[in-house]
1. Within the bounds of region 176-185, is there any residue that is open to solvent by 20 Å² or more (accessible area, probe 1.4 Å) and either of a type in the set (Lys, Arg) or in contact with a Phe, Trp or Tyr (Cβ under 8 Å, 6 or more places away or on another chain) (or both)?
2. Tell me, which residue of region 263-279 that is touching a strand residue (DSSP E or B) at 6+ places or on another chain (Cβ under 6 Å) and of a type in the set (Ser, Thr, Tyr) is least open to solvent (accessible area, probe 1.4 Å)?
3. Mind listing whichever residues of region 102-113 are outside any loop (DSSP other than H, G, I, E, B) and either in contact with a strand residue (DSSP E or B) (Cβ under 6 Å, 6 or more places away or on another chain) or crowded, with 24+ Cβ neighbours inside 10 Å (or both)?
4. Is one or more of the residues making up region 88-109 small (Gly, Ala, Ser) and under 16 Å from the mean Cα position of the chain (by Cα)?
5. Determine whether region 245-252 contains at least one residue that is of a type in the set (Lys, Arg), in a helix (DSSP H, G or I) and either touching a helix residue (DSSP H, G or I) at 6+ places or on another chain (Cβ under 8 Å) or in contact (Cβ under 8 Å) with a residue 24 or more places away in the chain (or both).
6. Within the group Val129, Val77, which residue is in contact with a Ser or Thr (Cβ under 8 Å, 6 or more places away or on another chain), buried (at least 23 other Cβ atoms within 10 Å of the Cβ) and modelled with pLDDT of 95 or more?
7. Take the residues of region 193-225 that are small (Gly, Ala, Ser) and in a helix (DSSP H, G or I): which is most open to solvent (accessible area, probe 1.4 Å)?
8. How about region 296-332: which of its residues are under 21 Å from Pro108 (Cα atoms) and over 21 Å from the mean Cα position of the chain (by Cα)?
Amino acid sequence: MIRAQTESPASALYLGVDAGNSKTAVLVSTASGEVVGAGRSGCGDIYGAPTPENAVAEVLAAVREALGQAGADIPAVAGAAFRLAGVDWPEDQRYWDTALTRQFPGKPARRSVLNDGYAAIRCGDPSGVGISVTGGTAAAIAARGHGGELWDMGWRGQHAMGATGLADEAFRAVSLAELGLAPQTALTEALLTHYGKPTAEALTHWLTRREGRASSRERTSCARVVTAAAAAGDPVAVDIVRAQGHHLARYAGVAARRTGLERSGRPVTVVLSGSVLMAEDSPVAEELLAVLPPHVPGAVPHRSSLPPVAGALLDALGEGGVMLTDPVLADAVVQRVTETLPPREFLAT
């Protein structure tokens, strides 16, 4: 049945790419959703990599690994969806279009390049309509309306969110408490223990010094420490977590308005993804869900069990001719993708 309802031959392959700062993941599947290849590499964000060329090289390495596992090359790909952190402005999209065309002239015929925030939308609604709220190392929010309207937050976001936001606010709270300019907080002892530093000043020195300072990964590694302190009731940590939930809800509301979902009169799928929001008993997710309804009327939250790269693959399938607007077909394809995903370790950050 699946093959009969697709515009592409059964032998065609589909390629989904989810590239962020921590990793790039690629899946290749058949039209039925059977994953036949997977690839992984490093940072694919042209803003986060040492150079834009490095980001392109990482993405291409993961694409070639996935195609190699599938025993195929790019001419076999009927549709490809590149969902890339750092596609924030029109010139970013043009940069990637040029880079991909240079590597794969004219192939595949159906290829789209969008911000990585869009990757998770089909993890909630295979038709591709809804809002994605991702809280990982950073935050990404994107939406697609019923008429195909698109909006993503990108650099429009004026608040640090995700693990970066939790860490930055915690460092600020500890430093201000040490200066006597803010309340004392359990975060001080928790962060000093986590990082093995003797004093708040030593921690600040390590975070900011000219040589040998903390890496981005080291800085954000304390996100779970912050949420644990909030769960234990530390007032300062609770305030940080609550602010994070409110920021995410407000930007989701912008996405709903900019894509017409707010006034559609229909339920609005809101997909939560990313390590901060998907963590067990995440207080950030709890706060987000508590304050979301006024910002997104008709919101139907969905905490997806599928990783964003699976949503990118579903984008490739949907844009490549597989009729994911048919609920029966969509359910079958999603089930097949789910059954054939690579091991959990492949997707770990």
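1. Our first condition is that a residue be open to solvent by 20 Å² or more (accessible area, probe 1.4 Å); within region 176-185, this holds for 176, 178-184.
Then keep just the ones that are either of a type in the set (Lys, Arg) or in contact with a Phe, Trp or Tyr (Cβ under 8 Å, 6 or more places away or on another chain) (or both); that gives none.
Looking through region 176-185, none of the residues is open to solvent by 20 Å² or more (accessible area, probe 1.4 Å) and either of a type in the set (Lys, Arg) or in contact with a Phe, Trp or Tyr (Cβ under 8 Å, 6 or more places away or on another chain) (or both).
2. So the first thing to find is which residues in region 263-279 are touching a strand residue (DSSP E or B) at 6+ places or on another chain (Cβ under 6 Å), and the list is 267-274, 276-277.
From the residues that got through so far, the ones that are of a type in the set (Ser, Thr, Tyr) too are 269, 273.
On the way: Thr269: 30, Ser273: 7 Å².
Filtering region 263-279 for residues that are touching a strand residue (DSSP E or B) at 6+ places or on another chain (Cβ under 6 Å) and of a type in the set (Ser, Thr, Tyr), the one least open to solvent (accessible area, probe 1.4 Å) comes out as Ser273.
3. Residues of region 102-113 that are outside any loop (DSSP other than H, G, I, E, B), as a first pass: 102-103, 110-113.
Within region 102-113, Arg110, Arg111, Ser112, Val113 meet the criteria.
4. Residues of region 88-109 small (Gly, Ala, Ser): 99, 106, 109.
After this cut, where a residue has to be under 16 Å from the mean Cα position of the chain (by Cα) as well, the list is none.
The answer is no; no qualifying residue exists.
5. Here is the first cut: in region 245-252, the residues of a type in the set (Lys, Arg) are 250.
Restricting the remaining residues to those that are in a helix (DSSP H, G or I) gives 250.
With either touching a helix residue (DSSP H, G or I) at 6+ places or on another chain (Cβ under 8 Å) or in contact (Cβ under 8 Å) with a residue 24 or more places away in the chain (or both) added as a condition, the list becomes 250.
Yes: region 245-252 contains one or more residues that are of a type in the set (Lys, Arg), in a helix (DSSP H, G or I) and either touching a helix residue (DSSP H, G or I) at 6+ places or on another chain (Cβ under 8 Å) or in contact (Cβ under 8 Å) with a residue 24 or more places away in the chain (or both).
6. Values: Val77 fails: in contact with a Ser or Thr (Cβ under 8 Å, 6 or more places away or on another chain).
The conditions single out Val129.
7. Step one: of region 193-225, the residues small (Gly, Ala, Ser) are 196, 200, 202, 212, 214-216, 221, 223.
Checking the rest, the ones that are also in a helix (DSSP H, G or I) come to 200, 202, 216, 223.
Numbers: Ala200: 11, Ala202: 32, Ser216: 90, Ala223: 11 Å².
The extreme case among them is Ser216.
8. We begin by selecting, within region 296-332, every residue under 21 Å from Pro108 (Cα atoms); these are 309-324.
Within region 296-332, Gly320, Gly321, Val322, Met323, Leu324 meet the criteria.
The values are calculated or read from the model by the stated rules, or taken from the named source; none is laboratory data. What you see is a predicted model; the values in this text were computed from it and never measured. Ideal geometry is used to build each Cβ from the backbone, glycine not excepted, and the neighbour counts take in all protein chains shown. What goes into the accessible areas is simple: the full protein's heavy atoms, side chains included, and nothing from ligands, DNA or RNA. Shrake-Rupley method; radii C 1.70, N 1.55, O 1.52, S 1.80 Å.
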